[in-house]
Each structure stands twice: as C-alpha cells, then as structure tokens.
C-alpha cells in the first residue's frame, strides 16, 4: 500500500522521525495531495529522508499518508512504533517492550 518501486531509499541517507510543527503545514498539505488523502489532524509524526517529508502518521492511530514515489513501508512501520510508544507513555508496563521493539526495528532498517 505504501510506496512504489520507483525509488529505493538507500541506508546511507539520513532518516528523521519527529513531531510535526506549525511550520510543516505546507509540506503536509503537499504530501496529502500526492497520496490523494486528507491532511492529518492533531499531533502527527513525520518521517523525513534527507530533510524531505515522505510519510506522516497521526499519533491517534489514524491512517498514515506517504509519498507514492518512494518506498515508505518501513518508514510507516517506524512511525507506527513511535506512535505506539507515545500512546503508551502513560502506561509504564508496556513502554519498555515497545521501546525495545523500536530499537530492534531501527537497527534492522539501518543494517540493510
């Protein structure tokens, strides 16, 4: 569902996961247009490759949006893991296991 075979993201590129701010509104609007999807509302995580926005996921668990001209499935999974961490931050019993899974996933993505 996320990404096409047009572009491959090499591991040598810089990947950033962060919360969206007000200054990201234009980029989110463009990404939503590329994906033919509505612009996310509420707190949203972003995945950037070399400072270019390629995927976004609302923390509330709503559907992700992604650039259809990039392979973004692994990035969306990373966003989902981080969103899960943020949602579980009030529950101390589940936070460590989510953090451990996120670290393992990040290592696996960066190793390829």
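The values are calculated or read from the model by the stated rules, or taken from the named source; none is laboratory data. Small disclaimer: the values here were computed from a predicted structure and weren't measured. Neighbour counts run over all protein chains shown; Cβ positions are idealised from the backbone, glycine included.
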Single match in 23, 36 (criterion: over 18 Å from residue 60 (Cα atoms), assigned to a helix (DSSP H, G or I) and at pLDDT 90 or above)
23
Would you mind finding the one in 42, 84 that is modelled with pLDDT under 95 and in contact with a strand residue (DSSP E or B) (Cβ under 9 Å, 6 or more places away or on another chain)?
42
Among all residue pairs at least 6 apart or on different chains, which show Cβ distances below 6 Å where the first residue, located in the range 15-30, is in contact (Cβ under 8 Å) with a residue 40 or more places away in the chain and on the phi < 0 side of the Ramachandran plot and the second is in a strand (DSSP E or B) and surrounded by 13 or more Cβ atoms within 10 Å (Cβ to Cβ)?
15/49; 17/47
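The rows are residues; the columns are (1) surrounded by fewer than 17 Cβ atoms within 10 Å (Cβ to Cβ); (2) not in a helix (DSSP H, G or I).
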{"residue": "40", "(1), (2)": "no, yes"}
{"residue": "57", "(1), (2)": "no, yes"}
{"residue": "69", "(1), (2)": "yes, yes"}
{"residue": "76", "(1), (2)": "no, no"}
